[in-house]
Amino acid sequence: MLRYLPTKFSLILLIFLAMLTFFMDKTGIQSPSSEKNSKNSNSDKNFDYVIENFSTISVNHSSKAHYLISAEKMLRYTGDDATYLDQASLIDTTPGKSLMRVRADQAKLSGNNNDVLLNGNVVVLRPDENGNEMTMTTSFLHILPNDEIARTDKPVTITEKNTTINTTGIEIDDRNRITTLLSRVKVIHEKIR
């Protein structure tokens, strides 16, 4: 279902962050060390830096992957390798693939980018081969980009054309094209008249 999860997203974002850190250090941009973020569990830590209205386009020439990554705010904390995004959005526009859009209230990318944690109003939108849009909503989604796996143990609603699937927990193995609905599965299929 989420066949085209961005596997190179983590590496591209890590390279961008390294270049940005180098630029900020060389140009003498100072971090707002006294500012606090009440939304994050890291609110007691100082910011390394904050970027508002963040947007970047990533292109991987070897895999021909194209991503538009944006957020209202990108945060890095002193002593924390993770990157935090508020109102995060990712659009996969890789040629030859179906356009896929993912958004969430917050995203946390681990320092090594092996884990992407999406929290709050997570929505995945992707058209199927017939052009009908599939929508998946949940409150939390854990993406393992290198393994091409996405999973959650929270309630999930999947809507496509005239079918709605509700489940508690889902695991999507994109590499092997296997989607496992974990428990309390309810399918509503309405006939088209």
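The values are calculated or read from the model by the stated rules, or taken from the named source; none is laboratory data. For clarity, every value in this text was computed on a predicted model and none was experimentally measured. Please note: Cβ atoms are built from the backbone with ideal geometry, for glycine as well, and neighbour counts cover all protein chains shown.
Values as computed for the structure displayed
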item	result
The one condition in (1) over 21 Å from L118 (Cβ atoms); (2) in contact with a Ser or Thr (Cβ under 8 Å, 6 or more places away or on another chain) that T163 fails to fulfil	(2)
Count of residues meeting criterion [charged (D, E, K, R), under 17 Å from the mean Cα position of the chain (by Cα) and either in a strand (DSSP E or B) or loosely packed, with under 15 Cβ neighbours inside 10 Å (or both)] in segment 146-172	5
Segment 173-184, subset in a strand (DSSP E or B) and polar (S, T, N, Q), residue surrounded by the fewest Cβ atoms within 10 Å (Cβ to Cβ)	S183
Qualifying residue in segment 129-145 (condition: surrounded by 14 or more Cβ atoms within 10 Å (Cβ to Cβ), touching a Gly at 6+ places or on another chain (Cβ under 7 Å), without any contact (Cβ under 8 Å) to a residue 24 or more places away in the chain and part of a strand (DSSP E or B))	yes
Among residues of segment 155-193, those that are in contact with a Leu (Cβ under 8 Å, 6 or more places away or on another chain), at pLDDT 90 or above and not β-branched (V, I, T), counted	2
Selection status of Y84, aromatic (F, W, Y) and either more than 20 Å from V124 (Cβ to Cβ) or at pLDDT 85 or above (or both)	yes
Residue selected from segment 49-71 under the condition hydrophobic (A, V, I, L, M, F, W, C) and modelled with pLDDT of 75 or more, by the criterion nearest to A88 (Cα to Cα)	A71
Qualifying positions in segment 90-126 - more than 30 Å from G79 (Cβ to Cβ) and either at pLDDT 80 or above or in contact with a Pro (Cβ under 9 Å, 6 or more places away or on another chain) (or both)	I91, D92, T94, S98, L99, M100, R101, V123, V124, L125, R126
Residues located in segment 127-142, provided they are small (G, A, S) and either touching a Lys or Arg at 6+ places or on another chain (Cβ under 7 Å) or at pLDDT 85 or above (or both)	S139
